[in-house]
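Here is the structure we will look at.
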Amino acid sequence: MNHDRGQAGPAAQRLIEDIRSIIPAERLLEGEPMSKHTSFRIGGNAAALVICSNEEELAQVLKKCSSSDGAEYMMIGNGSNFLVSDSGYPGIMIRLGGDFDSVSAESDNGDGTVYVRAGAAKLLSGTSAFMTEHGLTGMEFASGIPGSVGGAVFMNAGAYGGEMKDIVTSVRLMKSDGSEIIELPAEEMDFSYRHSVVEDRGLIVLSALLRLTEDEPAEIAARVHDLQNRRNAKQPVNYPSAGSTFKRPVGGFAAALIDEAGLKGYRCGGAMVSEKHAGFVINTGGATAEDVLNVMRHVRDTVYSRSGIMLEPEVRLIGCEL
């Protein structure tokens, strides 16, 4: 019997009932369309979306999830790097809000270095704006990245020559079963290109301690403005997408390989390789996950047949595969 994947099976339904005792109804959304929670604006329903507003709630929800008999669950940040299948997700999606959506200066060494604590749910744009306002430089690169602090730490997000590893001092993390909170120094985060230990160990980012340097707010604002202008000129910011669709291959750039293969403007249904930037697959309107996957498959196969380089997706595929 074919069930819609986003429909809660018996195990997920039992888990949802368990979570009701922890999370108020307005933050426990059953049958929630994931198209409302991803930057692609694509995706079927999750069995439920749960929004945790503090560490205690998160720990309790994770304990219920990890001890449930077979129900699926996963964390979602700002959804800016996700493609969720058209049939949805048959388990519980967990998002952070409330206390996790915060940023504050924690200490000032008096030597021009200032440490700022940013919650995992805080958007990079808002965090960068806080830095600019307080005359703190070092995070300008992240001002235009459409993700959250937690997601950025998870994948060591970067742009314009900067990466999260350049400014992270330590990260507060929770084990995936909610059993323990740890703080790892940057040197134990195993940051590399689009990777961190968070992914390897299934940890959950709660907050990050960032190291910035004092500078003139007007000069920081000018640099942010310059980067945003460059981004707007080069990237299809007016269409839903998940940013760079493919990872940068060794010794090359995905966008250049895709462009050289003549694939700008290639489309399936509502999904298309951007004519402005070949590294982006965009939703031109009404695209399905299958449309995006078909474009990605054609791009991957065409680039491989021309160059011998196999592109790997940078976007995370949920309930679907290439």
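The values are calculated or read from the model by the stated rules, or taken from the named source; none is laboratory data. Treat the numbers as computed from the prediction; the structure is a model and nothing was measured. For neighbour counting, all protein chains shown are included, and Cβ atoms are generated from backbone atoms with ideal geometry for every residue, glycine included.
Some points to look at:
- Qualifying residue in the range 27-47 (condition: crowded, with 22+ Cβ neighbours inside 10 Å, modelled with pLDDT of 95 or more and more than 20 Å from Leu317 (Cβ to Cβ)): no
- For Ser305: the one exception among (1) within 19 Å of Arg248 (Cβ to Cβ); (2) without any contact (Cβ under 8 Å) to a residue 12 or more places away in the chain: (1)
- Residue ID - surrounded by the most Cβ atoms within 10 Å (Cβ to Cβ), chosen from residues in the range 203-212 that are in contact with a Leu (Cβ under 7 Å, 6 or more places away or on another chain) and assigned to a strand (DSSP E or B): Val205
- Of all the numbered requirements in (1) surrounded by 23 or more Cβ atoms within 10 Å (Cβ to Cβ); (2) within 30 Å of Val116 (Cα to Cα), Arg223 misses one, and that requirement is (1).
Residue-wise test of (1) more than 15 Å from Met174 (Cα to Cα); (2) not in a loop (DSSP other than H, G, I, E, B).
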{"site": "Ser35", "(1), (2)": "yes, yes"}
{"site": "Leu62", "(1), (2)": "no, yes"}
{"site": "Pro90", "(1), (2)": "yes, yes"}
{"site": "Asp111", "(1), (2)": "yes, no"}
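- In the range 100-148, of all residues being of a type in the set (D, E, K, R) and over 22 Å from Asn54 (Cβ atoms), the one that is modelled with the lowest pLDDT corresponds to Asp108.
- Selection status of Ala159, buried (at least 21 other Cβ atoms within 10 Å of the Cβ) and among the hydrophobic types (A, V, I, L, M, F, W, C): no
- Residue pairs meeting the criteria (Cβ under 8 Å; at least 6 apart or on separate chains; first touching a residue at least 40 places away in the same chain (Cβ under 8 Å) and surrounded by 12 or more Cβ atoms within 10 Å (Cβ to Cβ), in the range 189-202; second part of a helix (DSSP H, G or I) and of a type in the set (A, V, I, L, M)): Ser196/Val153; Val198/Val153
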